[in-house]
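Just so it is clear, none of the values below were taken in a lab; they were calculated from the coordinates. These figures come from a predicted structure and were not determined experimentally. Cβ placement follows ideal geometry from the backbone for every residue including glycine, while neighbour counts extend to all protein chains displayed.
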């Protein structure tokens with residue numbers, strides 16, 4: 001079984017710093033014309049009847065939204081915002097996140113299996129953890145898209161619960177996809193590396209940073225032909241990094 005523990009290397013930090021110097025300016029230069037193009041495209045879409053032309057316009061809007069998403073990912077890495085820390089009920093957070101994906105999974109004929117134990121409330125960046133879960137679950141859904149068995153499982157439990165604040169919450173996202181090769185496994189989390197044809201390689205890097213801000217870590221276990229499991233380790237008690 002392959003295992004990769006995410007940890008940014010000095011070279012990775014230098015890349016992030018370089019992005020930070022340019023990302024804000026780039027975002028403004030690109031977002032403004034994209035917003036204009038999107039607006040006029042939607043206006044044309046409203047004036048056209050159903051047909052191929054209207055379908056093409058919807059494709060354009062979808063691609064503009066994808067470009068805006070990529071720009072947002074760059075900004076998240078380059079200029080991370082201060083985490084919004086609150087007391088979070090993780091059972092509710094995980095359940096609500098899965099509810100958002102229920103229809104998408106049904107359309108794709110993917111079984112979304114939830115296995116949660118009773119988790120403690122903790123102080124953390126709930127919105128950030130939700131973003132990480134959405135990213136990992138979407139990756140898992142992509143991984144099983146062509147599999148005979150299409151299943152994504154989300155599990156959560158507490159380790160060392162009897163130690164109170166020293167406990168650790170484990171959240172696992174598993175899939176029944178084809179797995180990740182040892183060569184690719186070693187590059188996961190590197191900026192701009194992705195196993196997906198249209199991936200940017202930014203999602204996992206962002207997820208790593210969010211979990212790290214919350215005092216945790218991410219590891220991944222994968223076996224070719226059997227599937228992949230990403231595990232979040234989140235301490236029950238931690239002072240969240242604000243800057």
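Worth a mention:
- With the alpha-carbon atoms of segment 105-172 aligned to their principal axes, the span from lowest to highest coordinate is 43, 22, 16 Å, starting with the largest.
- Percent RCO, i.e. relative contact order, over segment 85-235, from Cα pairs under 8 Å lying at least 6 residues apart: 22
- Put a dot 7 Å past the Cα of residue 145, heading toward its Cβ, do the same for residue 81, and the two dots end up 2.9 nm apart.
- Note that segment 85-235, at 37 °C in a medium of 0.692 mPa s, gets a Stokes-Einstein diffusion coefficient of 208 µm²/s from its Kirkwood radius over C-alpha pairs.
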